[in-house]
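Down below is the structure, laid out as structure tokens.
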Amino acid sequence: MDVSITGVGLHPFGRFDGVTVTDMGVTAVQAALAEAGNPQFQAAFCASVYSGVASGHKVLGSLGLTGVPIVNVEAGCASGGAALMLAAHAIANGQYDTVLVFGMEKMPKGIIRSSFFEPWREQGGLAVTPAYFALRAQRLVRESGVTKEHLARVVVKNRANGARNPNAMYQTPTTADAVLGSRLVCEPLHLHMLCSPNEGAAAVVLQKARPGDGAVRIAAAALRSHLPGSVLGEATPMSGIDDTGIDPPSTLAADAAYAEAGLGPADLHVVEGQDTDAARELLGYEELRLCERGGAAGLVERGDTEPGGRLPVNPSGGLLAKGEPLGASALGQVVEITQQLRGTAGPRQVDGARVGLAHTVGRGANAAVIICTR
Amino acid sequence: MSTANRLLTDGLFRERPDGSIVLIGGVSASSGRTHFPRLAACPYTGAADVEEVELPTTGNLWGWTAVTTRPPGYDGELPFGFGVVELDDGLRVVTRLTVADPAALEFGQPMRLVADRLQTDDDGTVVLTYAFAPAGADA
């Protein structure tokens, strides 16, 4: 589609006592607008999950930038992808020329509490997010030959990448021994295999593309929810059926995005993928068709997704290094992909990257896949 | 069961006269599909022809882990077992497990439904939840 990314901005991801979620949003929005040359925008889409009523209005109200339509979007971990999908298609369909997309979050520490679950599910111990992650990881172990060592390698890779990212929460590398020696949260997942819910913001300015503008383009932006029947998808119902033949939302979104972009997984040069836990990144390889079903362990063993590998995944450090501020995480991926395609990613640069994909998936279920080209 | 018990929530399961419990699901005549807990409409087709059905009390273990960190809103024992059991009719149900040691369980092993003590309220009322235990093990 003829939509350019003309400005990106971040508030670093981490812990920032005394800084409000609105403050963080303001920082990211100002940076993105400045990079784009402070264009007038006709609409804004704001992604957040835990920031309360009209959180986007509070950010733009702090900057004297209200008056335009401001749409606050919640789609779980994929909220930023949902906001960007709405904005990009509004431009592609001719509704607007310039749209601001931003997202921010300030999360409490520890296991995420979600109003998605009824009180009895919390009281009954049936609303434990990392436990669902663990069941999903165990299934990947059983069906794809993934081992705990593979999971540790994903963490080591992403933490090494994060050590080259000044906006990441964890900027120190780690070792497989340290990962496997960290506290067991829910077998087979250890503490360091799980990302930290945290704080941060990201913003992107989208504009109708001008021929020869040289900007990174949005080639596709797809959002999908789950199909009935899956008991282990991010929808986490209390019951389901044998879901072997049911495509998960990430595959639905990826297939839609590949079709929209006229590209396939073999065309990708760099991927930012959902790594809420280490197994989630590996499952994403399969769901996004970066490898065949059951092939995730092979990608790890060949180092395909390492820096310098066939298809680097999470050069930013991913959520395992950056942490996950829900509303900001997908747009943070788009910021990284934009810098990669511009060739301005510094020590994290994937040489010659011209096609990049960003993948988020979470509660709902919601899955977003964004493909950028240059 | 004494009157000093209460169930985790209404409509999820019921006690039988002999003290055993059974899960209450829904089944749609038009889709032929079963779900749990019972909803007003079939979650696969939206059909409104949902009738109450008592679900099989036995099945096979399909997924399991143990929760070692106290999650928000939960006041019961730690660690506790958590997993998915594939009931004899093919429906996979999310459940508490009576075994909190993942190494002691294996894929596909026969499981049976039991009532499990979740917590004791301040007034002494015992809160019961449903759980699955290895078939043959004591509740």
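The values are calculated or read from the model by the stated rules, or taken from the named source; none is laboratory data. A quick note: this is a predicted structure, and the numbers were derived from the prediction, not measured. Note: ideal-geometry Cβ built from the backbone for every residue, glycine included; neighbour counts use all protein chains shown. In case anyone asks, the SASA skips ligands and DNA or RNA and just uses the protein heavy atoms, side chains included. Shrake-Rupley method; radii C 1.70, N 1.55, O 1.52, S 1.80 Å.
A few notes on this one:
- Those residues of the stretch B:101-139 which are among the β-branched types (Val, Ile, Thr) and touching a residue at least 60 places away in the same chain (Cβ under 8 Å), in sequence order: B:Val114, B:Thr125, B:Val126, B:Val127, B:Thr129
- Of the residues examined, B:Pro37 is one that is surrounded by 14 or more Cβ atoms within 10 Å (Cβ to Cβ) and within 8 Å of chain A (Cβ to nearest Cβ).
- B:Ala131 among the small types (Gly, Ala, Ser), assigned to a strand (DSSP E or B) and crowded, with 17+ Cβ neighbours inside 10 Å: yes
- Yes/no for A:Arg302 being at pLDDT 95 or above, open to solvent by 30 Å² or more (accessible area, probe 1.4 Å) and under 25 Å from A:Ser4 (Cα atoms): no
- Residue check for A:Phe117: modelled with pLDDT under 95 and farther than 22 Å from B:Ala103 by Cβ: yes
- Residue in the stretch A:361-374 that is more than 25 Å from A:Glu199 (Cα to Cα), open to solvent by 10 Å² or more (accessible area, probe 1.4 Å), of a type outside the set (Val, Ile, Thr) and not in a helix (DSSP H, G or I) present: yes
- Checked against the criterion of being over 16 Å from the mean Cα position of the chain (by Cα), closer than 25 Å to A:Leu135 by Cβ and polar (S, T, N, Q), the candidates A:Thr305, A:Thr276 yield just one match: A:Thr305.
- The single condition among (1) of a type in the set (Ser, Thr, Tyr); (2) open to solvent by 40 Å² or more (accessible area, probe 1.4 Å); (3) farther than 28 Å from B:Val93 by Cβ that A:Ser196 does not satisfy is (2).
- Where B:Pro17 falls short, out of the listed (1) open to solvent by less than 80 Å² (accessible area, probe 1.4 Å); (2) of a type outside the set (A, V, I, L, M, F, W, C); (3) within 30 Å of B:Asp122 (Cα to Cα): (1)
- The stretch A:280-296, residues that are over 19 Å from A:Gly362 (Cβ atoms) and open to solvent by less than 10 Å² (accessible area, probe 1.4 Å): A:Gly295, A:Ala296
- When the test is whether a residue is assigned to a helix (DSSP H, G or I) and open to solvent by less than 30 Å² (accessible area, probe 1.4 Å), A:Ala137 passes it.
- Filtered residues of the stretch A:116-128 (kept if facing another protein chain (nearest Cβ under 8 Å) and either at positive phi or not in a loop (DSSP other than H, G, I, E, B) (or both)): A:Pro119, A:Trp120, A:Glu122, A:Gln123, A:Gly125
- Residues that are of a type in the set (Gly, Ala, Ser) and modelled with pLDDT of 95 or more, drawn from the stretch A:240-255: A:Ser250, A:Ala253, A:Ala254
- The combined condition, being within 21 Å of B:Phe107 (Cα to Cα) and either more than 9 Å from chain B (Cβ to nearest Cβ) or not in a helix (DSSP H, G or I) (or both), is fulfilled by A:Val146.
- Residue check, A:Arg224 modelled with pLDDT of 95 or more, of a type in the set (Lys, Arg) and surrounded by fewer than 24 Cβ atoms within 10 Å (Cβ to Cβ): no
- If only residues of the stretch B:47-103 that are more than 7 Å from chain A (Cβ to nearest Cβ) and open to solvent by less than 10 Å² (accessible area, probe 1.4 Å) are counted, the one that is farthest from A:Arg142 (Cα to Cα) is B:Leu55.
- The stretch B:78-87 - residue that is closer than 16 Å to B:Tyr130 by Cβ and either small (Gly, Ala, Ser) or part of a loop (DSSP other than H, G, I, E, B) (or both) and, of those, nearest to the chain's Cα centre (by Cα): B:Gly83
- Residue-level check: of (1) free of Cβ contacts under 8 Å to residues at least 12 places away in the same chain; (2) closer than 25 Å to B:Asp123 by Cα, B:Gly76 misses just (1).
- Within the stretch B:5-23, tally of residues that are farther than 13 Å from B:Phe132 by Cα, polar (S, T, N, Q) and away from chain A (no Cβ under 14 Å): 1
- Enumeration of residues in the stretch A:163-187 that are within 14 Å of chain B (Cβ to nearest Cβ), surrounded by 20 or more Cβ atoms within 10 Å (Cβ to Cβ) and closer than 20 Å to A:Lys109 by Cβ: A:Val185, A:Cys186
- Test: residue in the stretch B:28-47 that is within 15 Å of the chain's Cα centre (by Cα), among the aromatic types (Phe, Trp, Tyr) and under 22 Å from B:Val85 (Cα atoms): yes
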